[in-house]
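Notes follow the structure.
What follows draws every value from the coordinates through simple rules; no lab data is involved. Note that the structure is predicted; figures quoted are calculated from it, not measured. A quick note on method: Cβ atoms are made from the backbone with ideal geometry, for glycine too, and the neighbour counts reach across all protein chains shown.
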């Protein structure tokens, strides 16, 4: 599942995770797990936020760069310095989203925002204030969704993470949104102990979806032929 260059050799991606925190709880533990999983696969990972000492102990791969992020301004400055040349920026929770908004004029990489809790964005006063701005940062105009991924554990294989649906709006294709969603899904699968990721796709898909999947290291494992007849 590693991205590849055109000649087939692995391509290292630069990924920045950010959470405004100086603690270590559920969200920080998730970020540490995803960061470690990405680093193991050879990607360059920077984590902003969390208790740096505990995060270091939780992340086995020493190549992951850890930066403090107890204040929103500090997270924004770190994103400005380290996110401008990144391939993907992943912010966790509302405060980190605010920091990403502040750094957005500098950071133009595809940005993913994860809430981690069941409440929708906008359930608090602060959330309602920034929700339209977050939507604008993620899709640049309006409040439409640029892309989405629906994932689950495959019902027939407890070690297989299944990407049931992956969609990117036409005007957002070719801008890294699909790749960012796939990488996020891979990291989430890994943190849940899954060993493989899979999906199904029409081999003649006109959007170039097969090229996207192959670019992140996925390969066809099974092929099926469907026959149909139009009944007059």
Relative contact order (percent) for the range 14-215, with alpha-carbon contacts under 8 angstrom and 6 or more residues of separation? 17
Points 7 angstrom from Cα along the Cβ direction at residue 171 and residue 192: gap in nanometres? 3.3
Residues in the range 197-222 that a label on residue 159 would reach, taking backbone N under 15 Å of a point 7 Å out along Cα→Cβ: 197-198
Label-to-label distance, nm, for residues given as residue 71 and residue 214 (7 Å Cα→Cβ offset): 5.0
Determine, for each peptide in 52-58, 88-94, 186-192, the mean count of other beta carbons within 10 angstrom over its residues, then list the peptides with the highest first. 88-94, 186-192, 52-58
With label points set 7 Å from each Cα along the Cα-to-Cβ direction at residue 148 and residue 231, the distance between them in nm comes to 3.3
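Classify the range 14-215 as rounded, prolate or oblate from the Cα gyration tensor: take a ≥ b ≥ c as the square roots of its eigenvalues, call it rounded if a/c is under 1.5, otherwise prolate when a/b beats b/c and oblate if not.
Values: a/c = 1.62, a/b = 1.20, b/c = 1.35.
In terms of gyration-tensor shape, oblate.
I'd like the FRET efficiency for residue 106 and residue 202, computed as 1/(1 + (r/R0)^6) with the beta carbon distance as r and R0 of 35 Å, rounded to 0.05.
Numbers: r = 39 Å, r/R0 = 1.11.
The value I calculate is 0.35.
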